[in-house]
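So the structure is just underneath, and the comments pick up after that.
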Amino acid sequence: MVSSLRDRVVNELARVVVNKERETELLLAALLARGHVLLEGVPGVSKTLLTKSFSRCLELDFRRVQFTPDMLPLDIVGGFIFNMKEREFEFRKGAVFTNMLLADEINRAPPKVQSALLEAMQEQQVTIEGHTEALPSPHMVIATQNPIEFQGVYPLPEGQLDRFMLKITLGYPSLETESEVIRRNISESEGASISGVVSRLELTKCFGEVGLVKVSDEVIDYVSRLAIATRSDRRIKLGASPRAVVQLTRCAKAKAYLAGRGYVTPDDIKELSVECLSHRVKLKQVTLVREETVEIAAVIRDVVDGVEPPR
């Protein structure tokens, strides 16, 4: 049943999003681990299409918000509005009250708006003027950003980035993939053929089963040693936080579940390390100056390879 769940979602999205099987599986793992995802890529690489199609095949409520410099926190989390008819204030829910929120170009909104998502992403609730409102379950934020834009944007602070379980980078497609994209888009409508393949009831059951996946003491010790290694590496200025390794372990449980296993292996941790740590780990400036071509992903892989896994 588990492999069937993964295959159903991957195969359904493959009908409209070309060659994004790994990205789809990562989104599904993050959802089952109750995490949030940052999608990074230049315009036109299917960030929005992937997110919309993912929500449709899971039959989840979906909202898309285009972040802009003139937005207010009220637009995201909601607030108290005076009802002229009833002559009293009432709480109006914002766009965050949905199962899946696409925060499109999140770095175009000012820090005040970005920070409005902090409580929602961490505690699954929103508090306005002492009034607390729970968010729907499941709740997932998928944010997008363009990595090459520097004008008119507000880079996400470390505290905000740390709320995202994974950062998935979408690059340019290969020759074969791009040719297939062109063929499909001159004859079909985007997302028109997506159907729901996982019911809410089945998804709820999956959340419970993911929680039963075992993580041995040896694997927990391995994850802790990985975290310490990122903090002590001479090339790294800011290492992995405790939240980072907790979320890495939770996502590894979901990955193991999707693979049909009831336990987490060191390979699960390794395979998720770049997506889980690349947006949290910061390189020293001297590293960037001395090694102009250095990439954070390569540094993380090097650090992970240097830590002995349990046998």
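Tabulated results
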| quantity | calculated |
| --- | --- |
| Karplus-derived 3J(HN,Hα), 6.51/-1.76/1.60, for each residue of region 118-135, Hz, glycine and proline x | 4, 5, 4, 6, 8, 10, 6, 7, 10, 10, 10, 6, x, 9, 10, 10, 6, 8 |
| Relative contact order (%) - region 1-60, alpha-carbon pairs under 8 angstrom, separation at least six | 40 percent |
| Per-residue Cβ neighbour rank within 10 angstrom, fewest leading, TYR154, TYR263, TYR222 | TYR263, TYR154, TYR222 |
| Beta bridge orientation in the chain: antiparallel %, DSSP, nearest 5 | 40 percent |
| Amide N proximity, region 40-77 versus PHE89 label position 7 Å along Cα-to-Cβ, cut-off under 20 Å | 72-77 |
| Label assignment, semi-axes √(5λ) of the Cα gyration tensor in Å derived from the structure, set (i) 39, 24, 15; (ii) 33, 21, 19; (iii) 30, 25, 23 | (iii) |
| Gain in span if fully extended, LYS237 to ARG183, counting 0.36 nm per residue against the direct Cα distance | 14.9 nm |
| Relative contact order for the chain, counting Cα pairs under 8 Å that sit 6 or more residues apart, in percent | 22 percent |
| Calculated FRET efficiency for the pair ASP70/VAL286, C-beta based, R₀ 51 Å, to 0.05 | 0.85 |
| Residue list for region 110-136, given a label point 7 angstrom along the Cα-to-Cβ vector of PHE80 and an amide N cut-off under 13 Å | 128-132 |
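Read the figures in this text as sums done on the coordinates, not as results from a lab. Computed from a prediction, not measured in an experiment: that's the story for all the values here. FYI the Cβ positions are ideal-geometry reconstructions off the backbone, even for glycines, and counts take in every protein chain you see.
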